[in-house]
Amino acid sequence: MKYFIYLIIAVVTASVIAGFFVVGSPQAQRLRSFDERRVQNLQYLQSEIIYYWQGKDRLPARLLDLRDDIRGTVVPLDPQTGAEYGYEVRGPLTFALCATFLRSSPSASGREPEAFIPAKGPRPVAPYSGVEAWDHAVGYICFERTIDKDFYPPLQKTD
């Protein structure tokens with residue numbers, strides 16, 4: 001019976017240690033969670049910017065212009081720092097959304113991306129290329145987007 005108890009303790013200990021290798025430490029999971037939330041927030045902001053453009057035929061000058069109390073639109077902030085996300089109008093249909101990431105995003109194969117080099121400043125990402133459109137390295141990363149007027153036509157104005 002004594003050896004059986006030791007065996008159970010060893011199996012439980014090995015399972016906990018294996019869990020850290022498979023899932024990562026709680027701190028690593030927390031950092032990954034912050035970055036996942038940042039990407040979700042940027043996706044939401046992108047949708048709201050497109051909606052704004054469709055309604056007003058211009059990009060918002062700043063993210064706070066997206067706020068709409070009637071629709072309940074609130075501009076999200078960084079989940080860890082509470083800071084505003086970066087935003088820059090780069091042309092009549094082109095804008096960039098930026099955030100500071102703590103970890104590199106996994107590539108489509110599930111491994112850490114090898115081609116990423118930590119950015120010292122904004123780095124555009126190819127627009128609308130699927131899941132990879134939100135892949136990022138560590139640091140301050142900007143995602144440049146261009147609105148396709150054929151895919152996102154302006155909304156009909158009714159008087």
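The values are calculated or read from the model by the stated rules, or taken from the named source; none is laboratory data. What you see is a predicted model; the values in this text were computed from it and never measured. Every residue, glycine as well, gets a Cβ built from its backbone with ideal geometry; the counts of neighbours run over all protein chains shown. The accessibility values were calculated without ligands, DNA or RNA, using every heavy atom of the protein model including side chains. Shrake-Rupley method; radii C 1.70, N 1.55, O 1.52, S 1.80 Å.
A quick yes/no check of all residues on (1) at pLDDT below 90; (2) part of a helix (DSSP H, G or I):
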site	(1), (2)
Tyr6	yes, yes
Val16	yes, yes
Glu48	no, yes
Tyr51	no, yes
Leu64	no, yes
Pro76	no, no
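What about Ala119, is it at pLDDT below 85, part of a loop (DSSP other than H, G, I, E, B) and open to solvent by 80 Å² or more (accessible area, probe 1.4 Å)?
Values: at pLDDT below 85: yes; part of a loop (DSSP other than H, G, I, E, B): yes; open to solvent by 80 Å² or more (accessible area, probe 1.4 Å): no.
In short, no.
Hey, Ile70 hits all of (1) at pLDDT 90 or above; (2) in a helix (DSSP H, G or I) but one; which does it fall short on?
(2)
Can you pull out every residue in region 18-46 that is in a helix (DSSP H, G or I) and modelled with pLDDT under 75?
Once the filter is applied, which keeps residues that are in a helix (DSSP H, G or I) and modelled with pLDDT under 75, region 18-46 yields Ala18, Gly19, Phe20, Phe21, Val22, Val23.
Sort out which residues of region 69-83 are exposed (fewer than 14 other Cβ atoms within 10 Å of the Cβ) and among the charged types (D, E, K, R), and write them in order of number.
Matches in region 69-83: Asp69, Arg71.
Are any residues in region 35-57 open to solvent by less than 30 Å² (accessible area, probe 1.4 Å) and within 14 Å of Leu102 (Cβ to Cβ), and if so, which ones?
Hits for region 35-57 are Asp35, Arg38, Val39.
May I ask you to verify whether Asp65 is surrounded by 11 or more Cβ atoms within 10 Å (Cβ to Cβ), more than 30 Å from Gln156 (Cβ to Cβ) and not small (Gly, Ala, Ser)? Explain how you work it out, then say what you get.
Values: surrounded by 11 or more Cβ atoms within 10 Å (Cβ to Cβ): yes; more than 30 Å from Gln156 (Cβ to Cβ): no; not small (Gly, Ala, Ser): yes.
Spelling it out, it is not the case that Asp65 is surrounded by 11 or more Cβ atoms within 10 Å (Cβ to Cβ), more than 30 Å from Gln156 (Cβ to Cβ) and not small (Gly, Ala, Ser).
I'd like the full set of residues that are part of a loop (DSSP other than H, G, I, E, B) and hydroxyl-bearing (Ser, Thr, Tyr), limited to region 78-90.
Correct list: Thr81, Tyr85.
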